[in-house]
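Structure, as structure tokens:
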Amino acid sequence: MIAERTGLDLDVARVAVRSASRDRNVTLADGVLTTDPASVVNDPGVDVVVELIGGIEPARELLSSALKLGKPVVTANKDLLANYGAELYTAADAAGVDLLFEAAVGGGIPLIRSLRESLAAEPVRRVMGIVNGTTNYILSQMTEHGTGYHDALAEAQSLGYAERDPTADVEGFDAAAKASIIATVAFGARVLAGSVYREGISGIGPADIAHARRLGYVVKLLAIAEQVGPVEGKPELAVRVHPAMVPGDHPLASVRDSFNAVFVEGDAVGELMLYGRGAGGRPTASAVLGDLIDAAGNRRRGTCTPIGAFGEPVVCPIDDLESEYYINMEVLDQPGVLAAVAGVFGRHGVSIRSMEQEGLGEQARLVFITHEATERHVQATLGDLRELEAVRGMPALLRVVSQGS
């Protein structure tokens, strides 16, 4: 099929594996398998290198070597790109060869290719989406079936959506790595994973899910990269991962189970959404093979897809960003408590858009939605609220995606 569509005759020349004796459901010629990955990279008979090892080393060294040898590279390694992407992009440009990584973000969703090629002339304002299938499955189960967080996580693990150690997914590390890659490609700026503000979903409780639904929202873990302004000629970017309340009529609210979706907003094209399976062997393999076909075709034509120059951005700290906020707290049900709570909001200039009160015996639950406020003022508000004798436990906070976004 590939030969008929492209005229390319792709041949698997060498494969490096951990164990050459393991049973595999493919037939390869004698001598193809090896346990020495460097021999694959250095083999003059290998024209394109595909890396699916994961992690930083030895992948970083191997890909650097391949690029220096003038060999195009295809990778699905989000951790490597999120931390050392700039180094590899520079090496690829210097060698005049491809470095393609569609499978690193969004599995089979053609997001990176869309940003690099289809939207190359588009002034992108914001990219916002669900880029982790594990957390989306957990939140979907909590929303649709009332499942508790730990039960939903256990179910995700039983289905193979979550690892035995789910920290990378549920605490937002996976999404943060992908957000850094998205920001780098969308805005032409070197954004490292360590620059991405990150919160996970482990603190989301059934009450937050229920209140969001009653207020017309759905809770999702979002990766957001947006340009907030230039600073001294450099792009100022805000890149973050955190749970958020998404309006029920927003396209991202209907993305269920382990599916991913990314919402792109541009000056000329308006709003676009790419949707599909963001993880899994077959979607990932589809993206890898698509990149391999591109790299092989470009090599035959003596061309490559340029990555572009990546400048150093100014990354806006989360404290400077503005949003609407959901705040949920339990307080003693006594006269004067509501006034004291409202006074704390007022002292920090945080305006309340709506408030609900629910009786809990001797206590009450107060649920607030604020008008747009600066993060540092909201965090200062929470700090003072925790000091009130009437407040029980830690107030919960979620950022709210406004109706017009």
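The values are calculated or read from the model by the stated rules, or taken from the named source; none is laboratory data. Since the structure is predicted, the reported quantities are computational estimates derived from the model, not experimental observations. Backbone-built Cβ (ideal geometry, glycine too); neighbour counts: all protein chains shown. Heavy atoms of the whole protein, side chains included, go into the accessibility calculation; ligands, DNA and RNA do not. Shrake-Rupley method; radii C 1.70, N 1.55, O 1.52, S 1.80 Å.
Structure notes:
- All positions within the stretch 40-53 that are of a type outside the set (Val, Ile, Thr) and open to solvent by 30 Å² or more (accessible area, probe 1.4 Å): Asn42, Asp43, Pro44, Gly45, Asp47, Leu52
- Counted residues, the stretch 343-371 - those being aliphatic (A, V, I, L, M), open to solvent by 40 Å² or more (accessible area, probe 1.4 Å) and modelled with pLDDT under 95: 2
- Which listed residue, of Ser158, Ser180, is hydroxyl-bearing (Ser, Thr, Tyr) and open to solvent by less than 20 Å² (accessible area, probe 1.4 Å): Ser180
- When the stretch 70-94 is filtered for residues that are in contact with a Pro (Cβ under 9 Å, 6 or more places away or on another chain) and aliphatic (A, V, I, L, M), only Ala92 remains.
- Extreme residue, modelled with the highest pLDDT, among residues of the stretch 298-327 that are of a type outside the set (Ser, Thr, Tyr) and within 21 Å of Ile109 (Cα to Cα): Pro306
- Unmet requirement for Val269, which otherwise passes all of (1) open to solvent by 60 Å² or more (accessible area, probe 1.4 Å); (2) in contact with a Gly (Cβ under 7 Å, 6 or more places away or on another chain); (3) among the hydrophobic types (A, V, I, L, M, F, W, C): (2)
- Taking the conditions (1) of a type in the set (S, T, N, Q); (2) more than 26 Å from Leu221 (Cα to Cα); (3) crowded, with 19+ Cβ neighbours inside 10 Å in turn, Gln334 satisfies each one other than (3).
- Put simply, of Thr135, Thr90 the only residue that is surrounded by fewer than 24 Cβ atoms within 10 Å (Cβ to Cβ) and hydroxyl-bearing (Ser, Thr, Tyr) is Thr90.
Residue-by-condition table, conditions (1) part of a helix (DSSP H, G or I); (2) of a type in the set (A, V, I, L, M):
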position: Arg60; (1), (2): yes, no
position: Leu80; (1), (2): yes, yes
position: Ala91; (1), (2): yes, yes
position: Ala103; (1), (2): yes, yes
position: Gly106; (1), (2): no, no
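- A single entry from Gly129, Gly107 fulfils the requirement of being modelled with pLDDT of 95 or more and crowded, with 24+ Cβ neighbours inside 10 Å: Gly129.
- Here Leu192 meets each of (1) open to solvent by 50 Å² or more (accessible area, probe 1.4 Å); (2) within 21 Å of Asn260 (Cα to Cα); (3) of a type in the set (A, V, I, L, M) with one exception, condition (2).
- The stretch 8-56, subset modelled with pLDDT of 95 or more and acidic (Asp, Glu), residue nearest to Asp98 (Cα to Cα): Asp47
- Residues that are open to solvent by 40 Å² or more (accessible area, probe 1.4 Å) and among the charged types (D, E, K, R), drawn from the stretch 237-256: Asp249, Arg256
- The sole residue among Gly311, Gly302 that is touching a Gly at 6+ places or on another chain (Cβ under 8 Å), under 30 Å from Glu87 (Cβ atoms) and open to solvent by 20 Å² or more (accessible area, probe 1.4 Å) is Gly311.
- Taking the criterion of being in a loop (DSSP other than H, G, I, E, B), open to solvent by 90 Å² or more (accessible area, probe 1.4 Å) and not hydrophobic (A, V, I, L, M, F, W, C), the residues of the stretch 1-34 that qualify are Asp9, Asp11, Arg18, Ser21, Arg22, Asp23, Asn25, Thr27, Asp30.
- Test: residue in the stretch 275-295 that is touching a Leu at 6+ places or on another chain (Cβ under 8 Å) and within 30 Å of Ile369 (Cβ to Cβ): no
- For beta carbons closer than 7 Å, sequence separation of 6+ or different chains, a first residue in the stretch 353-380 that is of a type in the set (Phe, Trp, Tyr) and a second that is in a strand (DSSP E or B) and loosely packed, with under 13 Cβ neighbours inside 10 Å, there are no qualifying pairs.
- Among the residues examined, Arg198 does not qualify as open to solvent by 20 Å² or more (accessible area, probe 1.4 Å) and at pLDDT below 95.
- Across the stretch 161-177, the qualifying residues are those that are in contact (Cβ under 8 Å) with a residue 12 or more places away in the chain and in a helix (DSSP H, G or I), and the one among them that is surrounded by the most Cβ atoms within 10 Å (Cβ to Cβ) is Ala175.
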